Amino acid sequence: MVESRYIWLNGDIVPVEGAKISVLSPTAQFGANVFEGIRCYWNDTQKQLLAFRLDAHYDRLERSVKMFRMNCKYSREDWRKGFEEVIKANNYQEDIAVRQTIFIDGDAGSWFSTGPVGMFIAPIPKKRKSTPLSEGISCCVSSWERISERCLSPKVKVGANYINSRLAQLEATANGYDSAIFLGRDGSVSEGPGSCFFMIRDSTLITPPLSASILESITRATLLSLARNHLNVRVEERPVDRTELYICDEAFLCGSAVELTPIFSIDDYTVGNRNPGSLTTALHRAYLSAAEGKIAEFAHWTTPVACSSVY
Ligand code: PMP
């Protein structure tokens, strides 16, 4: 166990207390940053930490950097090296979550500065959700509309997008719900504040399409692939009507952080019988098995990360 937590910041490994940036930086003031939340799972048989879908996360980070015209001096190879270095420095041998953020730094910039660009990489221990699943959450439909292509890009992962998420989550919490589900501009179902939405109707797994003002979620893509190619489940990516939230058989939110979180009620309508349904449970099991590198055909989704420390 390490005594301090280490962060990679602009090329240095520093204790968390020393990982500081200017209050005047455009990232601090305007949310001018793009980032990824990457999970690494401990495989106890191999005694090996495995980063899950690292390439897919870096593909999306590249798209975010491009979209927000950031003058990023760090290469993809630097991203990967820093990631490995900081996990080594912390000597984690357990499940962790890693935030990797590229931001507009400096103390003389404005909301439209494209540099100077900084990067930090911050790992932290984070346990996986239990198997089998037992807990579920309550959701409400948010009165806030999801950001759309008309004002911001929901497809990429930029810090400022989370202000829209924040409004929805705080409203849900204030009204006694665990989380929220956004509708998009056209009134169809979009996503959660920090997750994508799936439901099951008549044994078909259904999720809104990528054009429904959603993040290009890696967990969503992973689950679609597992459903189609591993579990042989019927899958539909199609617009979802609000009414369907209230009459579906099973529902869950998904994301790198929340993995698969069953929903037990939406706007106080009970979903299924307030237990995780059989398809949700099967997908959850397959997801964690894939993340631990235990499904041979999906072994390429995992990247071994060295753990021994030289710090
Ligand atoms: N939508 C939003 C708004 C999110 O913040 C997240 C979490 N990154 C997701 C969906 C799920 O994305 P991913 O599966 O890539 O973690």
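Things worth noting here:
- Restricting the first member to segment 237-257 and to residues that are farther than 17 Å from E216 by Cβ, and the second to residues that are in a loop (DSSP other than H, G, I, E, B) and of a type in the set (D, E, K, R), the beta-carbon pairs closer than 7 Å and six or more apart or on different chains are Y246/D267.
- Some residue of segment 146-169 being among the hydroxyl-bearing types (S, T, Y), within 14 Å of the ligand (Cβ to nearest atom) and either modelled with pLDDT under 95 or not in a loop (DSSP other than H, G, I, E, B) (or both): yes
- Per the listing A286, A299, the residue uniquely surrounded by fewer than 14 Cβ atoms within 10 Å (Cβ to Cβ) and assigned to a helix (DSSP H, G or I) is A299.
- Odd one out for R39 among (1) basic (K, R); (2) within 16 Å of the ligand (Cβ to nearest atom); (3) without any contact (Cβ under 8 Å) to a residue 12 or more places away in the chain: (3)
- Under the condition of being within 27 Å of S153 (Cα to Cα) and without any contact (Cβ under 8 Å) to a residue 60 or more places away in the chain, the residues counted in segment 66-94 number 13.
- Out of E36, E62, sole residue that is touching a His at 6+ places or on another chain (Cβ under 7 Å) and either farther than 20 Å from S256 by Cα or not in a loop (DSSP other than H, G, I, E, B) (or both): E36
- In segment 242-261, the residues that are within 16 Å of the ligand (Cβ to nearest atom) and surrounded by 19 or more Cβ atoms within 10 Å (Cβ to Cβ): A251, F252, L253, C254, G255, S256, E259, L260, T261
- Residue selected from segment 216-234 under the condition of a type in the set (V, I, T) and either within 15 Å of the ligand (Cβ to nearest atom) or surrounded by fewer than 17 Cβ atoms within 10 Å (Cβ to Cβ) (or both), by the criterion farthest from the chain's Cα centre (by Cα): T222
Residue-by-condition table, conditions (1) farther than 30 Å from R5 by Cβ; (2) touching a Lys or Arg at 6+ places or on another chain (Cβ under 6 Å); (3) charged (D, E, K, R):
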position: G118; (1), (2), (3): no, no, no
position: P123; (1), (2), (3): no, no, no
position: L133; (1), (2), (3): no, no, no
position: S138; (1), (2), (3): yes, no, no
position: E171; (1), (2), (3): yes, no, yes
position: Y177; (1), (2), (3): yes, no, no
position: A180; (1), (2), (3): yes, no, no
position: T207; (1), (2), (3): yes, no, no
position: I218; (1), (2), (3): no, yes, no
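- Qualifying residue in segment 126-133 (condition: surrounded by 21 or more Cβ atoms within 10 Å (Cβ to Cβ), closer than 30 Å to G293 by Cβ and of a type outside the set (A, V, I, L, M, F, W, C)): no
- Residue check for S213: assigned to a loop (DSSP other than H, G, I, E, B) and within 18 Å of the chain's Cα centre (by Cα): yes
- Scan of segment 243-273 for residues that are among the polar types (S, T, N, Q) and assigned to a loop (DSSP other than H, G, I, E, B), ordered by number: S256, N273
The values are calculated or read from the model by the stated rules, or taken from the named source; none is laboratory data. Computed from a predicted model, the values in this text were never measured in an experiment. Every residue, glycine as well, gets a Cβ built from its backbone with ideal geometry; the counts of neighbours run over all protein chains shown.
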